[in-house]
Each structure stands twice: as structure tokens, then as C-alpha cells.
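The values are calculated or read from the model by the stated rules, or taken from the named source; none is laboratory data. Since the structure is predicted, the reported quantities are computational estimates derived from the model, not experimental observations. Here the Cβ positions follow ideal geometry from the backbone for every residue, glycine too, while neighbour counts run over all protein chains shown.
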Amino acid sequence: MKRYAGILLMMVVFSCTKTTDEDWRTYYEKSNYMETPRYEETLRYLERLEKASRWIKVTYFGVSPEGRKMPLVIVDKSGKFTPESARSQNKVVLLVQAGIHAGEIDGKDAMLMLLRNMAIHQQHTELLDRVTILFMPFFNIDGHERASAYNRFNQNGPKEMGWRVTSQNLNLNRDYVKADAPEMRDWLKVFNQWLPDMFIDCHVTDGADYRHAVTYAMDVTQNVAEPVRTWSRDTYLPYMQKAMADSGFPLSPYVYLIDSKNITSGIIGGSAPPRFSTEYCAIQNRPGLLIETHMFKDYKTRVTGTYQMILHTLELLNKEAETLRKVNRDADEETATSLIGKKLPVSFALTQQYDLIEFKGFNYRVVPSEVSGDPKMIVWENVPIDYKIPYFNYVKDSDVVDIPYAYIVPKQWTNLIDVLAAQGIVMERLTQNKKLPVTLYRFSNVKWAEKPFEGRITLDCDVTPAPDTLEFKEGDYVIRMNQRAARVAAFLLEPRSGDSFVRWGFMNAIFEQKEYGEDYKLEILAREMLQDSTMRREYENQVKSNPVFAGDYYARLNWFYQRSPYWDKTVNRYPIGKVMKKEDWK
């Protein structure tokens with residue numbers, strides 16, 4: 001009996017060894033670190049992990065336009081896979097996103113190995129003590145399946161890679177605020193359900209050549225609520241700088257050069273619009289990390305660098321779990337209680353202030369191009385050079401807006417209401433007609449882009465506040481700004497914001513004149529109005545000062561129509577009202 005027991009034990013040990021050492025190699029590892037698995041192969045591996053470990057659950061949070069289920073992998077040591085459970089256990093929730101640009105897929109293969117090492121090999125299991133992981137292996141699934149060896153000209157591996165944009169030709173990393181893509185609507189459901197404590201978005205660079213394998217971006221400007229900004233700047237980034245250097249991956253800020261032909265000109269940081277993933281997290285009061293591995297490094301180096309970045313983040317989150325949860329709560333409370341009546345910046349400009357940073361680069365030459373004729377084409381040489389270069393990461397407010405007590409969105413603007421709801425913004429409805437003093441906006445000098453951007457015709461315009469008293473209707477939507485998502489609401493509803501409904505072209509109809517006067521009728525009206533001496537002087541000044549106007553006979557007649565009682569006063573007027581004070585509401 002003992003003999004059989006010994007044989008049985010040997011069989012079990014052999015079976016476990018075989019399972020852990022051979023069967024659990026990822027597709028990427030089996031390919032000698034040269035290839036990444038396709039959609040079905042990735043799902044099969046995840047489903048195997050789910051069957052083998054009670055810590056892993058594979059769920060689906062939506063369906064892509066081409067009909068593929070979108071996986072969300074939940075990793076929790078307690079075997080409980082709900083946001084309520086994570087909160088009740090005082091765990092922080094980390095959302096790791098790969099493949100938003102599906103050719104930049106390092107994060108998927110890094111996370112498959114990390115989950116395997118935790119759940120199967122029982123490595124780093126302590127990192128799940130105080131953290132629940134949400135993992136999206138490929139956010140842009142349809143782009144992931146448009147795989148080719150020729151999708152990323154600048155990038156060194158994998159052998160085949162996905163496509164940058166979705167099957168609807170939308171760049172998801174320009175869509176976080178406007179939420180046009182079906183995939184983004186589903187992503188927002190996940191975000192609002194879980195409200196993750198931290199977010200990581202995994203990418204691969206374009207641009208210059210240098211020795212850093214991993215670069216990063218993280219907003220630590222005044223665009224971010226103070227508690228999150230301070231934690232990110234003073235706790236997270238210093239820890240990661242040291243940990244990654246100790247792991248053989250010294251970090252650099254994301255390399256966006258002021259002058260692409262001159263390394264010493266410096267790197268631009270600062271704050272970008274919230275259409276981008278990590279900047280969206282900034283206005284949601286959450287720290288967001290952008291990982292950008294270097295395109296020229298081989299795929300194994302890039303995946304390993306991404307792996308280390310996520311691993312060290314988990315180390316810190318376990319140490320900082322209680323602190324980070326409080327930081328996020330404080331940021332939400334600050335947003336909900338202190339924005340009303342204050343000025344909020346909705347765009348920023350770099351200042352001339354900078355920090356000198358160490359940058360591990362290469363030597364290079366600038367030569368004239370024989371093909372393009374460019375007098376300054378850069379030629380990289382494989383000679384390592386350590387530079388000290390300026391990092392411009394300080395910003396000043398460029399456009400600021402006054403945050404009201406509430407916005408009122410007329411119920412007929414259903415396209416806006418749908419986006420606001422998808423963003424998790426709390427709304428209520430008027431139960432009766434209500435006349436209120438509000439601030440509206442008037443628009444002038446409206447100019448549309450010459451070609452579409454992300455499927456929309458965007459615009460630029462001058463914005464002027466216009467106080468008025470209007471009657472709003474029963475059923476109109478009220479957005480009170482004493483809520484945690486108030487920053488998101490402001491970036492959508494304030495026309496000065498580059499990611500507002502107005503700028504994205506959601507409301508182009510408000511700029512259209514729908515009624516007109518015949519020229520022979522307007523001629524009579526104009527002659528009557530010119531009897532007013534003030535009107536005559538204003539008209540004559542316009543003719544003298546504006547040659548284009550002077551040469552357009554109908555514009556000259558329409559000038560009088562616009563100043564008559566017949567003119568539609570809603571043209572070029574923002575239909576959304578701002579109730580500035582709580583007492584105005586009463």
C-alpha cells in the first residue's frame with residue numbers, strides 16, 4: 001500500500017510539474033517571444049486559467065461592432081468578483097487595459113504571464129492580498145483581429161500585430177469623453193460600476209530613438225484633484241522610478257520632443273485633453289498611468305518592461321491600499337463640495353518652467369534628405385549618450401469657466417443626454433415648467449474644420465456669456481454640480497472645453513439660420529431701419545471696415561434682418577442654461 005501511495009505521489013508531482021512548466025506557457029512564450037495570440041487563442045488560455053484557479057473569473061462586458069465578445073478578467077484572491085465585495089474588503093481596484101491600439105499589444109502578453117504566475121505558479125500571490133485586478137486583454141478587439149505583419153511600420157514585433165483603430169475607423173483613445181464608439185459605451189459601464197482606484201493603459205511609442213525601453217506619462221498638474229495629484233507625484237512616481245531602475249528598466253517621461261530634430265530641446269509633458277484615457281481618469285479623480293514601451297526594442301524586452309511596471313505598481317498598491325482609497329475618496333469629496341462657484345480650468349498651456357532630467361539616448365546627425373528634400377532629416381547612430389535635457393511638465397490655466405450650481409439640458413437634446421448618462425453623471429428631471437435666471441452663451445466667428453476628425457466635423461468659435469431668464473420645461477434634465485463626476489460634466493457642457501459637445505460638433509444645428517427674407521422684402525425693411533441714425537452709422541462702419549461683407553449683397557440685407565423682430569434669437573445661442581447660484585434655483 002505504501003508503495004502504491006509513493007507511486008501515486010510521484011505521479012501527482014510529475015503531473016503538477018508538467019502542468020506548471022509546460023502546459024501553462026503562453027502562446028507568446030512558445031513562439032520564442034516573437035508572436036502574440038489571436039482573439040480565440042487568448043480566450044482559450046484565459047478560460048483555462050479560470051478553470052484552474054478560483055481567483056480568476058472571465059466575464060464579458062460588451063460586444064464589438066463585428067460581433068466579438070469583449071472580455072473583462074477579474075482577479076480576486078477571495079474568489080469574490082464584484083465591486084461591492086472589493087469595497088467591503090477595503091481592497092483597491094486596479095484596471096489594466098491592453099490593446100486600445102491593437103497593434104501595441106505588449107500589455108496583453110505581459111498580463112497573461114503575470115496572471116499565470118500568480119494563479120498557477122503561486123508567485124507574487126501576496127500582491128493580491130489588498131488588490132482586485134480588472135484586466136481588459138484587448139479593448140479594441142476588431143482592430144486586434146485585423147492582424148498583419150505590415151500594420152506598424154515603425155514597430156519591432158510581434159510578428160503580426162493588430163490595427164490602430166476600430167472596425168468603424170474610430171480611435172478609441174480619442175473617444176473617452178464624446179463616447180461615440182460602442183466599445184467605449186461598454187467601457188464606461190465597467191468604469192462606473194467599479195470606479196477603479198487606479199488605471200493603467202499599455203501602449204507602444206512612435207517617435208525618436210533612445211535607450212529607454214519603457215516610458216510613461218501621468219498627469220500631476222492642476223488638472224487633477226489635489227489629493228490624487230499629490231499621491232501620484234510624491235508617492236507613486238518616485239517609487240516606480242527606483243523600482244524600475246533596480247529592475248533594469250530606467251524610466252523616462254513619454255518622449256514628445258519640442259523639436260523632433262533636436263534631443264536637447266526637451267520633452268513636453270503637462271496635461272492633455274480628457275479624450276485620452278489617462279487624462280479622462282484625471283477628471284474622474286483617479287490616478288492614470290500611461291505605459292509607452294519603445295517601438296524599436298524587441299518584443300520580449302518590451303513585454304518584460306510592461307510586466308515589471310505592472311508588477312511594481314501592484315507592490316505599491318498593496319502597501320498603499322488604505323492611503324489610496326482615502327486619496328480617491330477625498331478627491332471625490334473635494335470635487336463634489338468645492339467646485340460650485342469656483343473657476344475650473346478646461347485647457348492648459350505649458351510654461352517655460354522645467355526640470356532637468358537624465359535621458360539615455362543615442363548620438364545622431366541631421367542631414368539633408370536625398371529623397372524628400374527635407375534639409376533636416378535625423379539619422380540615429382548606435383552610440384550611447386547620456387543627456388541632461390529639460391522636461392517641461394508645468395502648465396498654466398489657458399481657459400477657465402465658472403462652475404454653476406446646476407446645468408439645465410433641454411430634454412430634446414437626446415444625443416447629449418445619452419452621453420451624459422453613459423458618463424455616469426447624475427441627472428434629475430424637472431417636474432414642472434420653471435422660469436429661471438441663467439447664464440447662456442452666444443457664439444461668434446464660428447469656423448468648422450475642413451475635414452473630419454474621428455468621424456466628426458469639429459469647430460472653433462468665440463464664446464460670450466449671455467445672462468437671461470428662460471422658462472425650462474417639465475422633463476428637462478438638471479445636472480447639479482455637487483457630485484463626484486462634476487469635472488466630467490463641465491468638460492462636456494462648457495463650450496470652451498476642447499472636448500465639449502459644441503467643439504465635437506454634437507450641436508452644429510444651433511448655428512444654422514432656418515428662416516430667411518426675400519431680397520426685395522429686405523430692401524424695404526432696410527430702408528426703414530436706416531432712418532435710425534445710430535443704425536445707419538453702425539451699418540456704414542460695417543461696410544467700410546469689412547470688404548467681404550461689403551461685397552456680399554445678401555449679407556448686407558441679412559444684417560438688417562438679424563436686427564429686426566423677425567430674427568430667430570436662438571441662432572448661435574447655447575440652449576443649455578447655467579443656474580449660477582443655489583438661491584437662483586429657488
Notebook entry, point to check: Quick one: in the stretch 393-429, which of the residues that are basic (Lys, Arg) and either under 21 Å from the mean Cα position of the chain (by Cα) or not in a strand (DSSP E or B) (or both) is surrounded by the fewest Cβ atoms within 10 Å (Cβ to Cβ)?
Noted result: Lys396
Check: For Asn173, all conditions in the list (1) among the polar types (S, T, N, Q); (2) more than 27 Å from Ser148 (Cβ to Cβ); (3) within 16 Å of the chain's Cα centre (by Cα) hold save one; what is the number of the exception?
Finding: (2)
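Taking the stretch 191-216 on its own, how many of its residues are more than 17 Å from Thr82 (Cα to Cα) and either in contact with a Lys or Arg (Cβ under 7 Å, 6 or more places away or on another chain) or outside the structural domain of Ala110 (by TED's automatic domain parsing) (or both)? Working first, answer last.
Restricting attention to the stretch 191-216, the residues satisfying the condition of being more than 17 Å from Thr82 (Cα to Cα) are 199-216.
If we keep only those that are either in contact with a Lys or Arg (Cβ under 7 Å, 6 or more places away or on another chain) or outside the structural domain of Ala110 (by TED's automatic domain parsing) (or both) as well, we get 199, 204, 210-213.
The number of residues fulfilling the criteria is 6.
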Item checked: Odd one out for Arg329 among (1) assigned by TED's automatic domain parsing to the domain that holds Ile200; (2) under 17 Å from Ala485 (Cα atoms); (3) not small (Gly, Ala, Ser); (4) not in a helix (DSSP H, G or I) -> (4)
Item checked: Qualifying positions in the stretch 443-480 - over 23 Å from Asn171 (Cβ atoms), in contact (Cβ under 8 Å) with a residue 24 or more places away in the chain and surrounded by fewer than 16 Cβ atoms within 10 Å (Cβ to Cβ) -> Ser444, Val446, Pro465, Ala466, Pro467, Asp468, Thr469, Leu470, Glu471, Lys473, Glu474, Gly475
Checklist line | Meets criteria (loosely packed, with under 15 Cβ neighbours inside 10 Å and either on the phi > 0 side of the Ramachandran plot or not assigned by TED's automatic domain parsing to the domain that holds Val327 (or both)) for Gly67 | finding: yes
Check: Do we find that Pro390 is surrounded by 13 or more Cβ atoms within 10 Å (Cβ to Cβ) and assigned to a loop (DSSP other than H, G, I, E, B) in this structure?
Finding: no
Check: For Pro182, which of the numbered conditions (1) crowded, with 19+ Cβ neighbours inside 10 Å; (2) touching a residue at least 24 places away in the same chain (Cβ under 8 Å) fails to hold?
Finding: (1)
Next item on the list: List every residue pair whose Cβ atoms lie under 6 Å apart, where the two residues are 6 or more positions apart in sequence or sit on different chains, the first residue falls within the stretch 84-111 and is closer than 22 Å to Arg44 by Cβ, and the second residue, located anywhere, is among the acidic types (Asp, Glu) and at pLDDT 95 or above.
Entry: Gln97/Asp201
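Any residue at all in the stretch 272-279 that's closer than 30 Å to Ser500 by Cβ, of a type in the set (Ser, Thr, Tyr) and in the same structural domain as Gly207 (by TED's automatic domain parsing)?
Residues of the stretch 272-279 closer than 30 Å to Ser500 by Cβ: 272-279.
Right, trim to of a type in the set (Ser, Thr, Tyr) and you get 277-278.
This time we only want the ones that are in the same structural domain as Gly207 (by TED's automatic domain parsing), so: 277-278.
Yes; the residues of the stretch 272-279 include at least one that is closer than 30 Å to Ser500 by Cβ, of a type in the set (Ser, Thr, Tyr) and in the same structural domain as Gly207 (by TED's automatic domain parsing).
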Check: Which one is surrounded by the most Cβ atoms within 10 Å (Cβ to Cβ), of the residues in the stretch 527-551 that are more than 24 Å from Asn445 (Cα to Cα) and in contact with a helix residue (DSSP H, G or I) (Cβ under 7 Å, 6 or more places away or on another chain)?
Finding: Met529
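Quick one: which of Trp413, Trp380 is farther than 30 Å from Glu474 by Cα, in contact (Cβ under 8 Å) with a residue 12 or more places away in the chain, not aliphatic (A, V, I, L, M) and not assigned by TED's automatic domain parsing to the domain that holds Phe296? Spell out how you get there, then give the answer.
On the way: Trp413 fails: farther than 30 Å from Glu474 by Cα.
Selected residue: Trp380, the only one of Trp413, Trp380 that is farther than 30 Å from Glu474 by Cα, in contact (Cβ under 8 Å) with a residue 12 or more places away in the chain, not aliphatic (A, V, I, L, M) and not assigned by TED's automatic domain parsing to the domain that holds Phe296.
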Next item on the list: Pull up the stretch 234-261, narrow it to residues that are touching a residue at least 12 places away in the same chain (Cβ under 8 Å) and polar (S, T, N, Q), then point me to the one that is surrounded by the most Cβ atoms within 10 Å (Cβ to Cβ).
Entry: Ser252
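Go through the stretch 362-417 residue by residue and tally those that are small (Gly, Ala, Ser) and closer than 20 Å to Val346 by Cα. Show your work before the answer.
Residues of the stretch 362-417 small (Gly, Ala, Ser): 369, 372-373, 398, 406.
Next cut, closer than 20 Å to Val346 by Cα only: 398, 406.
Selection size over the stretch 362-417: 2.
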Checklist line | Test: residue in the stretch 358-367 that is closer than 22 Å to Arg503 by Cα and assigned to a strand (DSSP E or B) | finding: no
Margin query: Can you pull out every residue in the stretch 553-574 that is in a loop (DSSP other than H, G, I, E, B) and either of a type in the set (Phe, Trp, Tyr) or in contact with a strand residue (DSSP E or B) (Cβ under 8 Å, 6 or more places away or on another chain) (or both)?
Written below: Tyr566, Trp567, Asn572, Tyr574
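Here is a check on your reading of the model: is Ala349 within 24 Å of the chain's Cα centre (by Cα), surrounded by fewer than 17 Cβ atoms within 10 Å (Cβ to Cβ) and of a type in the set (A, V, I, L, M)?
Taking the combined requirement at face value, the residue satisfies it.
Would you please name the residue that is modelled with the lowest pLDDT, looking only at residues in the stretch 529-586 that are hydrophobic (A, V, I, L, M, F, W, C) and under 30 Å from Leu344 (Cβ atoms)? Walk me through how you get there before you give the answer.
In the first step, residues of the stretch 529-586 are kept if they are hydrophobic (A, V, I, L, M, F, W, C); the result is 529-530, 535, 543, 548-550, 555, 557, 559-560, 567, 571, 576, 579-580, 585.
Those left that are additionally under 30 Å from Leu344 (Cβ atoms): 571, 576, 579-580, 585.
Numbers: Val571: 95, Ile576: 98, Val579: 98, Met580: 98, Trp585: 88.
If we take residues in the stretch 529-586 being hydrophobic (A, V, I, L, M, F, W, C) and under 30 Å from Leu344 (Cβ atoms), then Trp585 is modelled with the lowest pLDDT.
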Next item on the list: Tell me which of these Ser271 doesn't satisfy, since it passes every other one: (1) assigned to a loop (DSSP other than H, G, I, E, B); (2) over 23 Å from the mean Cα position of the chain (by Cα); (3) under 19 Å from Asp355 (Cβ atoms).
Entry: (2)
Note to self: Which count do you get for residues in the stretch 332-342 that are among the hydroxyl-bearing types (Ser, Thr, Tyr) and either closer than 16 Å to Ile283 by Cβ or outside any helix (DSSP H, G or I) (or both)?
What the structure shows: 2
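Of all residues in the stretch 210-229, which are in contact (Cβ under 8 Å) with a residue 12 or more places away in the chain and either surrounded by fewer than 20 Cβ atoms within 10 Å (Cβ to Cβ) or over 30 Å from Asn156 (Cβ atoms) (or both)?
Step one: filter the stretch 210-229 for residues in contact (Cβ under 8 Å) with a residue 12 or more places away in the chain, giving 210-228.
If the condition is that a residue be in contact (Cβ under 8 Å) with a residue 12 or more places away in the chain and either surrounded by fewer than 20 Cβ atoms within 10 Å (Cβ to Cβ) or over 30 Å from Asn156 (Cβ atoms) (or both), then Arg211, Val220, Thr221, Gln222, Asn223, Val224, Ala225, Glu226, Pro227, Val228 are the ones that fit.
Within the stretch 31-62, can you find the residues that are among the hydroxyl-bearing types (Ser, Thr, Tyr), within 16 Å of Ala110 (Cα to Cα) and outside any helix (DSSP H, G or I)? Before the answer, list the steps.
Filtering the stretch 31-62 for residues among the hydroxyl-bearing types (Ser, Thr, Tyr) gives 31, 33, 36, 39, 42, 45, 53, 59-60.
Filter again for within 16 Å of Ala110 (Cα to Cα), leaving 31, 33, 36, 39, 42, 45.
Matches in the stretch 31-62: Ser31, Tyr33, Thr36.
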Check: Scanning the stretch 430-463 for residues that are among the β-branched types (Val, Ile, Thr) and assigned to a strand (DSSP E or B), which turns out nearest to Phe511 (Cα to Cα)?
Finding: Val446
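Kindly indicate whether Gln308 is more than 29 Å from Asp246 (Cα to Cα), buried (at least 18 other Cβ atoms within 10 Å of the Cβ) and not aromatic (Phe, Trp, Tyr).
Numbers: more than 29 Å from Asp246 (Cα to Cα): no; buried (at least 18 other Cβ atoms within 10 Å of the Cβ): yes; not aromatic (Phe, Trp, Tyr): yes.
Spelling it out, it is not the case that Gln308 is more than 29 Å from Asp246 (Cα to Cα), buried (at least 18 other Cβ atoms within 10 Å of the Cβ) and not aromatic (Phe, Trp, Tyr).
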